[in-house]
Amino acid sequence: MKSHLGLLNSHFLASFLRGFPEQLRRLDDKAGGISMVEEPDLDGAVFCKVVKDIEDNIARIPGTDAEFKLTKGDVYVVRYSAVREFILRGEVELI
């Protein structure tokens with residue numbers, strides 16, 4: 001990932017970042033009050049697919065009493081926050 005970011009940064013510098021003010025050239029910076037790193041919207045809906053069998057396969061939607069069973073091969077449209085832990089463990093993939 002670091003290697004990819006380095007290549008991307010070099011490409012952006014050569015392509016257009018050199019025309020930006022010095023304080024806005026870093027891709028991981030918050031200069032000028034604008035974050036250059038986009039973070040996921042935890043309450044936003046995502047399409048995801050269960051790619052592995054999950055031992056504790058009950059997902060809960062934070063802030064609600066709603067829960068649902070995650071079954072390998074199934075596709076869902078759900079809040080990112082409900083499946084985040086499964087995504088981080090590689091059991092669910094975003095599509």
TODO: From (1) loosely packed, with under 13 Cβ neighbours inside 10 Å; (2) in a loop (DSSP other than H, G, I, E, B), pick out the condition that doesn't hold for LYS52.
DONE: (1)
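Per-residue answers, yes or no, for (1) within 20 Å of the chain's Cα centre (by Cα); (2) exposed (fewer than 12 other Cβ atoms within 10 Å of the Cβ):
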{"position": "LEU8", "(1), (2)": "yes, yes"}
{"position": "LEU17", "(1), (2)": "no, no"}
{"position": "PHE20", "(1), (2)": "no, no"}
{"position": "SER35", "(1), (2)": "yes, yes"}
{"position": "GLY44", "(1), (2)": "yes, yes"}
{"position": "PHE47", "(1), (2)": "yes, yes"}
{"position": "ASP65", "(1), (2)": "no, yes"}
{"position": "LEU70", "(1), (2)": "yes, no"}
Open item on the list: Residue pairs, Cβ under 6 Å, 6 or more apart or interchain, first in the stretch 57-74 and at negative phi and modelled with pLDDT of 85 or more, second assigned to a loop (DSSP other than H, G, I, E, B) and surrounded by 13 or more Cβ atoms within 10 Å (Cβ to Cβ). List them.
Closed with: LYS69/ASN57; LEU70/ILE54; LEU70/ASN57
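Hey, among the residues in the stretch 62-84 that are touching an Asp or Glu at 6+ places or on another chain (Cβ under 7 Å) and not charged (D, E, K, R), which one's farthest from GLY44 (Cα to Cα)? Reasoning before the result, please.
Filtering the stretch 62-84 for residues touching an Asp or Glu at 6+ places or on another chain (Cβ under 7 Å) gives 72, 79-81.
Next, only the ones that are not charged (D, E, K, R) stay: 80-81.
On the way: TYR80: 6, SER81: 8 Å.
Going through the qualifying residues, I end up with SER81.
The values are calculated or read from the model by the stated rules, or taken from the named source; none is laboratory data. What you see is a predicted model; the values in this text were computed from it and never measured. Glycine gets a Cβ as well: all are built from the backbone with ideal geometry, and neighbour counts include every protein chain shown.
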